[in-house]
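One structure is given here, and the rest of the page talks about it.
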Amino acid sequence: MTDEEYMKVALELAKRGEGAVNPNPLVGAVIVKEGKIIGEGWHERYGGLHAERNALANCSEDPTGATIYVTLEPCCHYGKTPPCTEAIIENGIKRVVVGSGDPNPLVAGKGIQILRDAGITVDTGVLKEACDNINEVFFHYIKTGRPYVVMKYAMTMDGKIATVTGASKWITAEAARENVQKDRNRYTAIMAGVGTVLADDPMLTCRICGGRNPIRIICDTELRTPLFSNLVKTAGEVRTILASSCVDEEKRKPYLEAGCEIITLPKKDGHIDLECLMKELGEQKIDSILLEGGGTLNFSALESKIVQRVQTYIAPKIFGGAEAKSPVEGKGVAQPKDSFRLIHPVIRQIGEDILVESEVEYSCLPE
């Protein structure tokens, strides 16, 4: 097998940590000796052993003189676990093949240099693009301190997210909805607006067997979430955050008693300041958000430049109706040149539906 083929094995191992390692990166490692894989490992959970140490612990024979393939530069600092560079050196590894460099200032090339200083051969950039892609969340979070936000919506071929009566269940078929559940497990939090709560009374949980429920964040400027809603009733079981500008202690009290957390934020254009919210959530180590908002919140999120990726599920249906809602509403832009530009689209079919994923390109990002 080639370096690229071994790195592909490491990449598949890394993905097994989805939903369990945030805000740490996904990392996989493969140890090869005399053309044979003798150890495999991945970062399994936040606070647990890193991929390299797991792979070394799982070796079927002495790793002295072996090569280790790792999707991300080995760490060289003490955190919840000791440095992986130490374990690599102590176990007599002679060659390290790295996919991505680690942008964390605590690492950022230092891990590679320590290994080279110890006389170990280090080759970098093997399947770099693929290794970078699985950690887009980590890279964004470590560089900005803000969550990576994925705006997701499902619409018909004529761009409607509901009928003229407001009915929206279901636009997409089961396979697409199952894919959404995987993302609810993958990302740390899920965010919606109070309008969605009032209209649908959602649970916003992960319905995958053995999956992890995302932290639920509701943008609720005036604190209008019903106390009898599913979100409030289950706040003691699933972490639930209300982002609000309401400072009325009596109004806040029953939510707090129900187990909700309230983040108090200033207003911007009549709604909570989403940039301030992202800063606060980042400080709480919330590294990623799946935004399942309505048209108003979606536009505000784009206007505030907090969205990094857009997921558009398109169903082969037509609803029609001049008053039927669309995925992004708000005040809109005045001219085509003012549009929010989407780049690098990736299109795939999921069952009978189509998923288009694109990155958002902003002309000028907030500081």
For segment 2-24, give me each residue that is in contact with a Leu (Cβ under 6 Å, 6 or more places away or on another chain) and farther than 22 Å from residue 67 by Cα. 17
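Kindly provide the set of residues from segment 311-332 that are assigned to a loop (DSSP other than H, G, I, E, B) and within 20 Å of residue 298 (Cα to Cα), ordered by number.
Step one: list which residues in segment 311-332 are assigned to a loop (DSSP other than H, G, I, E, B), which gives 316-332.
Selection gives 322, 323, 324, 325, 326, 327, 328, 329, 330, 331, 332.
Could you identify the single residue in 167, 130, 175, 192 that is under 27 Å from residue 323 (Cα atoms) and at pLDDT 95 or above?
Values: 167 fails: at pLDDT 95 or above; 130 fails: under 27 Å from residue 323 (Cα atoms); 175 fails: under 27 Å from residue 323 (Cα atoms).
The match here is 192.
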Looking only at segment 15-47, count every residue that is touching a Ser or Thr at 6+ places or on another chain (Cβ under 8 Å) and either closer than 15 Å to residue 74 by Cα or open to solvent by less than 10 Å² (accessible area, probe 1.4 Å) (or both) and tell me the total. 7
So, in segment 93-116, of the ones that are touching a helix residue (DSSP H, G or I) at 6+ places or on another chain (Cβ under 7 Å) and assigned to a loop (DSSP other than H, G, I, E, B), which residue ends up nearest to residue 10 (Cα to Cα)? 102
Conditions (1) acidic (Asp, Glu); (2) within 16 Å of residue 221 (Cα to Cα); (3) under 20 Å from the mean Cα position of the chain (by Cα); number of the one not met by residue 283: (2)
Can you tell me how many residues within segment 278-299 are under 25 Å from residue 200 (Cβ atoms) and either free of Cβ contacts under 8 Å to residues at least 60 places away in the same chain or not in a helix (DSSP H, G or I) (or both)? 9
Take the conditions among the acidic types (Asp, Glu) and in a loop (DSSP other than H, G, I, E, B) and apply them to residue 178. Does it pass? no
Considering only segment 200-225, state which residues are part of a loop (DSSP other than H, G, I, E, B), under 21 Å from residue 270 (Cβ atoms) and not β-branched (Val, Ile, Thr). 220, 222, 223, 224
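So if I check each of 274, 242, which one is open to solvent by less than 30 Å² (accessible area, probe 1.4 Å) and touching a Cys at 6+ places or on another chain (Cβ under 6 Å)?
Values: 274 fails: touching a Cys at 6+ places or on another chain (Cβ under 6 Å).
Unique residue meeting the criteria: 242.
Filtering segment 144-179 down to residues that are among the β-branched types (Val, Ile, Thr) and touching a strand residue (DSSP E or B) at 6+ places or on another chain (Cβ under 7 Å), which residue is surrounded by the most Cβ atoms within 10 Å (Cβ to Cβ)? Break it down into steps so the answer makes sense when it comes.
If we filter segment 144-179 for residues that are among the β-branched types (Val, Ile, Thr), which is where we start, we get 144, 149-150, 156, 161, 163-165, 171-172.
Remaining after also requiring touching a strand residue (DSSP E or B) at 6+ places or on another chain (Cβ under 7 Å): 149-150, 156, 161, 171-172.
Numbers: 149: 27, 150: 23, 156: 20, 161: 21, 171: 22, 172: 24.
Among those that are among the β-branched types (Val, Ile, Thr) and touching a strand residue (DSSP E or B) at 6+ places or on another chain (Cβ under 7 Å), it is 149.
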Taking the condition of being within 18 Å of residue 202 (Cβ to Cβ) and assigned to a strand (DSSP E or B), how many residues in segment 143-169 meet it? 6
With (1) in contact (Cβ under 8 Å) with a residue 12 or more places away in the chain; (2) closer than 18 Å to residue 3 by Cα as the list, and residue 76 as the residue in question, which single condition is left unmet? (2)
Just name the residue that is most open to solvent (accessible area, probe 1.4 Å) out of those in segment 305-345 that are at pLDDT below 95 and of a type in the set (S, T, N, Q). 335
Kindly indicate whether any position in segment 264-276 is within 30 Å of residue 26 (Cβ to Cβ) and of a type outside the set (A, V, I, L, M). yes
Looking only at segment 120-143, filter to residues that are open to solvent by 60 Å² or more (accessible area, probe 1.4 Å) and over 19 Å from residue 179 (Cα atoms); which one of those is farthest from the chain's Cα centre (by Cα)? 121
Among the residues of segment 76-97, count how many are open to solvent by 50 Å² or more (accessible area, probe 1.4 Å) and in contact with a strand residue (DSSP E or B) (Cβ under 7 Å, 6 or more places away or on another chain). 2
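The values are calculated or read from the model by the stated rules, or taken from the named source; none is laboratory data. As the structure is a computational prediction, the values presented were derived from the model and not from experiment. All Cβ positions, even for glycine, are placed from backbone atoms using ideal geometry, and neighbour counts span all protein chains on display. All accessible areas refer to the heavy atoms of the entire protein, side chains included, with ligands and DNA or RNA removed. Shrake-Rupley method; radii C 1.70, N 1.55, O 1.52, S 1.80 Å.
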